[in-house]
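Below is one structure; the comments refer to it alone.
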Amino acid sequence: MTATSESEQLRYIDQQAADARVNVEIETEGMTLNLGPQHPATHGTLRIIAKLDGEQVVAAEPVMGYMHRGYEKLAEVRTFPQVTTLINRIDWTGSFANETPFILAAEKLMEVEAPPRAQYIRTILHEMSRIANVMLGIGDMGVQVGAVTPVFFAFRDREYVLNQIEAVTGGRFHPNFDRIGGLKDDLPAGWIQNTKNAMEKVEDFCDQIETLMYGNELFQARTRGIGIIPKDIGLAYGLSGVNIRASGVDWDVRRDAMPHGLVYDQVDWKVYTHPDGDCYSRMWVRLQEVREGAKIVTQLLNQIPSGPIMAKVPRIIKVPAGEAFVETENPLGVMGYYVISKGDLNPYRVKIRSASFNNVSITPWLLKGVYVPDIIAILGSLYFILGDIDR
Amino acid sequence: MIALAYWVETIFRSLGGLAAVLLPAGPIVYIFLFKMMSFMQSRLGPTEAGPAGTLQLIAEVGKWIQKEDIFPRKADRLVFAAAPFVVLASSFLLVLVVPFGPDAWFVNLDTGIYFALAVSSVSVIGILMAGWASASKYSMLGGLRAAGQLIAYELPLVLAVMGVVIQAGTLNMQDIVLAQAEGEIFGFGGIGNPFILTQFLGFVIFMIAMQAELTQPPFDMPVAESELVTGYMTEYSGIRFLLFFIGEFATAGIFGMIASALFLGGWWVPGLDPDSNLFNILGPGIMMAKVMGVMFLVFWFRFTYPRFREDQLQQLAWKVLIPLSLVNIVITGILKVAF
């Protein structure tokens, strides 16, 4: 797969060189198209500088940093419990999942462990934020390739999930619910049954999208064979999550390197991969992730234990000196926090490894030689959140 | 039929033409773009302006008229200003040959359908003008895409109509409608011969090509809002954008009229004598109902499908639709001679 695509690229470069010679003779010059920072397709402020020859991309470069908020530095002047308020806003469509790895890193440094019930609820909320995030991504992909209807279905059915997240945490988007040593509150009454119903809605949504969007010949024509990421190129660029699993790498942090404090080993689920590595396979794996997520949540709800939701932690949290790195499988890919503590109230240094930054970094390689409409399809299938790129 | 002075008749026909272009556009936008789209997408659509949001369009028109008519600094001002009018002019020229009843026509041209298909390409000039004069890259790409697309789909459109022309034996739109009213299908004349039955392939090709001519999704590459913002309309605002908008949906309505005249029997319904004077009054209403049926199909596809890529769209036109329509012409010709 690599050889062909590299030779394809070489051939493309040759063609470009030949074209360039012709262009010198007949004096046509390329055009530089600035996609963004204000552009409907980048849902945020990503800017792509694309050098075009007609409708074909000769070179593309993403420009990031329009939304840099300096969370790594800001975290240094906040106490450990306060940091969750910030990092909530990194990937704003699946916010609870942002909190988990940081809290787990802090727990690792403090050597406390959340009680089993808290671990279950944490895993449930982590999965639910994945579902909410990925559902939106699937709907958004529809808009990118020109079908407006799926995104409304996505918004409609995501609301069922967000309502449940809101019912337990109090916030649809920024729950700020995870605490070092457990959770802020227990589940409200009737929540378990309502969530099971919501998960059924999610599965209905998956069936609907599969027939409306994925089964559509035009959707397949727009996405199959477009933006192929070979396995080793993907790994070299540090892709993670769905984007690398769609290239055939069977690797999922939830299964293979699960951090202590989440209970994915208690349920029966499956990691989906796809051999193709194109836009369609990325979207296909995403859809299966939503299905699996609903399955995981339903199973966890059935076996959720009773007990306290908070371990014994001091009222004023001072994290002992040390270093910890914890990564989890977040909706957009692997997210990790490298936390250094000097024994103070504040972390000494926090380094955030967010998935979208790497996922977008492959675009110069990936967009070479594609057509302008394919830029949009590829960006949509890579599915990034701007806050997750710039932090 | 009362005999009128030539000038009175001309005024009536001109006013009728104005109404025929502008009146269907409103219901089409409200019923399909506002309400049907909303219901298909599990939304409600406009509800506040007027009963069930019926006056929403008037509110929108009012909004657009109030907005500033912005010219980009580097724009070619004259061309930029004229472009929407050229697009709209194409809609007005197009409606000329559509018959609404035995005597309710604007111009009874013997080369009617030929004229209609010829002037429908005038809008390409307007779109190219808009794309070029905006001095914007998105507009330029959109304009070029639109030109390529409209020219490519003009061919299957013409060739699909050829089948109808062979069957009816005339280019005159009025005579095509009469041929359907008086025709018979292999000897059975109970419902006449609406050409959708005997020219079904032609109808399908015509509908696809029409969808592309109207740049409705899945053929909306020229205005692809997720990549080219709104293509050739990107730099337009205020009343000129409104003109583009009216042009888009008025043309949709008129193409619906042409489709229903060619394939669905136009102003005629089975069971009534086509010479009856009743049709001069009922005709426009019957026509409108058929237009709504055609538009339902157009918008149904619009809300369901993702859009074609530029090259896929050209492939569909040149590799699938044109050969198919040629086959259709050959089959129609053979059957015409045989029966």
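Can you find even one residue in the stretch A:360-379 that is polar (S, T, N, Q), open to solvent by less than 10 Å² (accessible area, probe 1.4 Å) and under 17 Å from residue A:91 (Cα atoms)? No, because not a single residue in the stretch A:360-379 is polar (S, T, N, Q), open to solvent by less than 10 Å² (accessible area, probe 1.4 Å) and under 17 Å from residue A:91 (Cα atoms). Scanning the stretch A:213-234 finds no residues that are of a type outside the set (D, E, K, R), on the phi > 0 side of the Ramachandran plot and touching a strand residue (DSSP E or B) at 6+ places or on another chain (Cβ under 6 Å). When residues of the stretch B:43-55 are filtered for being touching a Ser or Thr at 6+ places or on another chain (Cβ under 9 Å) and open to solvent by 40 Å² or more (accessible area, probe 1.4 Å), how many remain? Going through the stretch B:43-55 one residue at a time, the tally reaches 1. Summed over the stretch B:68-90, residues that are open to solvent by less than 30 Å² (accessible area, probe 1.4 Å) and at pLDDT 85 or above total 7. Take residue B:237 and tell me if it is polar (S, T, N, Q), within 20 Å of the chain's Cα centre (by Cα) and closer than 30 Å to residue B:306 by Cα. No, not satisfied.
Filtered by the rule that a residue be more than 17 Å from residue A:61 (Cβ to Cβ), modelled with pLDDT of 85 or more and in a helix (DSSP H, G or I), the stretch A:332-376 gives a lone residue, A:355.
Listed here are the residues, each with its yes/no results for (1) in a helix (DSSP H, G or I); (2) within 30 Å of residue B:301 (Cβ to Cβ); (3) acidic (Asp, Glu); (4) touching a Lys or Arg at 6+ places or on another chain (Cβ under 7 Å).
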position	(1), (2), (3), (4)
A:130	yes, no, no, no
A:136	yes, yes, no, yes
A:139	yes, yes, no, no
A:142	yes, yes, no, no
A:194	yes, no, no, no
A:207	yes, yes, yes, no
A:218	yes, yes, no, no
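Taking the stretch A:201-243 as the region of interest, how many residues are of a type in the set (Val, Ile, Thr), within 14 Å of chain B (Cβ to nearest Cβ) and open to solvent by less than 50 Å² (accessible area, probe 1.4 Å)? Number satisfying all stated conditions: 3. The residues on offer are A:307, A:336, A:277, A:293, and the sole one that is buried (at least 16 other Cβ atoms within 10 Å of the Cβ) and on the phi > 0 side of the Ramachandran plot is A:277.
Any residue in the stretch B:244-266 that is free of Cβ contacts under 8 Å to residues at least 24 places away in the same chain sitting within a Cβ distance under 9 Å of a residue that is in a helix (DSSP H, G or I)? List the pairs, counting only those 6 or more apart or interchain. Going by the 9 Å Cβ cut-off, there are no qualifying pairs. Of all the listed residues (B:71, B:115, B:106), the sole one being out of contact with any strand residue (DSSP E or B) (no Cβ under 7 Å at 6 or more places or on another chain) and assigned to a helix (DSSP H, G or I) is B:115.
For the stretch A:377-391, what are the residues that are over 14 Å from residue A:240 (Cα atoms), more than 14 Å from chain B (Cβ to nearest Cβ) and assigned to a helix (DSSP H, G or I)? Across the stretch A:377-391, the qualifying residues are A:386, A:387, A:390.
Cβ separations smaller than 6 Å between residues 6+ apart or across chains give the following pairs from the stretch A:373-384 residues that are touching a residue at least 40 places away in the same chain (Cβ under 8 Å) to residues that are among the basic types (Lys, Arg) and open to solvent by 10 Å² or more (accessible area, probe 1.4 Å): A:373/B:309. When you scan the stretch A:43-63, how many residues do you find that are assigned to a loop (DSSP other than H, G, I, E, B) and farther than 19 Å from residue A:9 by Cβ? So the count comes out to 4.
Within the stretch B:27-42, restricting attention to residues that are more than 14 Å from chain A (Cβ to nearest Cβ) and either more than 16 Å from residue B:300 (Cβ to Cβ) or more than 23 Å from the chain's Cα centre (by Cα) (or both), which residue is surrounded by the fewest Cβ atoms within 10 Å (Cβ to Cβ)? Ranking the candidates gives B:27 first. Looking only at the stretch B:206-233, count how many residues are within 14 Å of the chain's Cα centre (by Cα), more than 14 Å from chain A (Cβ to nearest Cβ) and not in a loop (DSSP other than H, G, I, E, B). Summing the residues that are within 14 Å of the chain's Cα centre (by Cα), more than 14 Å from chain A (Cβ to nearest Cβ) and not in a loop (DSSP other than H, G, I, E, B) in the stretch B:206-233 gives 5. Checking the structure you have, find out if any residue of the stretch B:234-243 is of a type in the set (Asp, Glu), assigned to a helix (DSSP H, G or I) and more than 14 Å from chain A (Cβ to nearest Cβ). Checked against the condition, which is being of a type in the set (Asp, Glu), assigned to a helix (DSSP H, G or I) and more than 14 Å from chain A (Cβ to nearest Cβ), the stretch B:234-243 yields no hits at all.
The set of residues in the stretch B:288-339 being within 14 Å of chain A (Cβ to nearest Cβ) and not hydrophobic (A, V, I, L, M, F, W, C) consists of B:302, B:304, B:305, B:306, B:307, B:309, B:310, B:311, B:312, B:314, B:315, B:319.
Within the bounds of the stretch A:108-120, is there any residue that is open to solvent by less than 10 Å² (accessible area, probe 1.4 Å) and farther than 18 Å from residue A:356 by Cα? Taking every residue of the stretch A:108-120 in turn, at least one turns out to be open to solvent by less than 10 Å² (accessible area, probe 1.4 Å) and farther than 18 Å from residue A:356 by Cα.
Given the criteria of a type outside the set (Val, Ile, Thr), within 30 Å of residue A:76 (Cα to Cα) and in contact (Cβ under 8 Å) with a residue 40 or more places away in the chain, does residue A:306 qualify? Considered against the rule, which asks whether it is of a type outside the set (Val, Ile, Thr), within 30 Å of residue A:76 (Cα to Cα) and in contact (Cβ under 8 Å) with a residue 40 or more places away in the chain, residue A:306 comes out as no. Only residues that are small (Gly, Ala, Ser) and closer than 25 Å to residue A:105 by Cα were counted across the stretch A:241-277, and they come to 3. Considering every residue within the stretch A:145-160, establish whether at least one is over 28 Å from residue A:184 (Cβ atoms), in contact (Cβ under 8 Å) with a residue 60 or more places away in the chain and touching a Ser or Thr at 6+ places or on another chain (Cβ under 6 Å). No: the stretch A:145-160 contains no residue that is over 28 Å from residue A:184 (Cβ atoms), in contact (Cβ under 8 Å) with a residue 60 or more places away in the chain and touching a Ser or Thr at 6+ places or on another chain (Cβ under 6 Å).
This table checks each residue for (1) basic (Lys, Arg); (2) within 14 Å of chain B (Cβ to nearest Cβ); (3) open to solvent by 10 Å² or more (accessible area, probe 1.4 Å).
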site: A:124; (1), (2), (3): no, no, no
site: A:131; (1), (2), (3): no, no, no
site: A:134; (1), (2), (3): no, no, no
site: A:139; (1), (2), (3): no, yes, no
site: A:148; (1), (2), (3): no, yes, yes
site: A:152; (1), (2), (3): no, yes, yes
site: A:179; (1), (2), (3): yes, no, yes
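Here residue A:318 passes the criteria (1) at pLDDT below 85; (2) under 21 Å from the mean Cα position of the chain (by Cα); (3) of a type in the set (D, E, K, R) except the one numbered (2). Screening the stretch A:81-107 for residues that are aromatic (Phe, Trp, Tyr) and surrounded by 24 or more Cβ atoms within 10 Å (Cβ to Cβ) and picking the one that is nearest to residue A:126 (Cα to Cα) gives A:96.
Looking at the stretch A:246-253, can you tell me whether even one residue there is under 20 Å from the mean Cα position of the chain (by Cα), β-branched (Val, Ile, Thr), more than 14 Å from chain B (Cβ to nearest Cβ) and crowded, with 21+ Cβ neighbours inside 10 Å? Yes, because at least one residue in the stretch A:246-253 is under 20 Å from the mean Cα position of the chain (by Cα), β-branched (Val, Ile, Thr), more than 14 Å from chain B (Cβ to nearest Cβ) and crowded, with 21+ Cβ neighbours inside 10 Å.
The values are calculated or read from the model by the stated rules, or taken from the named source; none is laboratory data. Everything quoted here is computed from the prediction, not taken from an experiment. Backbone-built Cβ (ideal geometry, glycine too); neighbour counts: all protein chains shown. Ligands, DNA and RNA are excluded from the accessible area calculation, which covers all protein heavy atoms including side chains. Shrake-Rupley method; radii C 1.70, N 1.55, O 1.52, S 1.80 Å.
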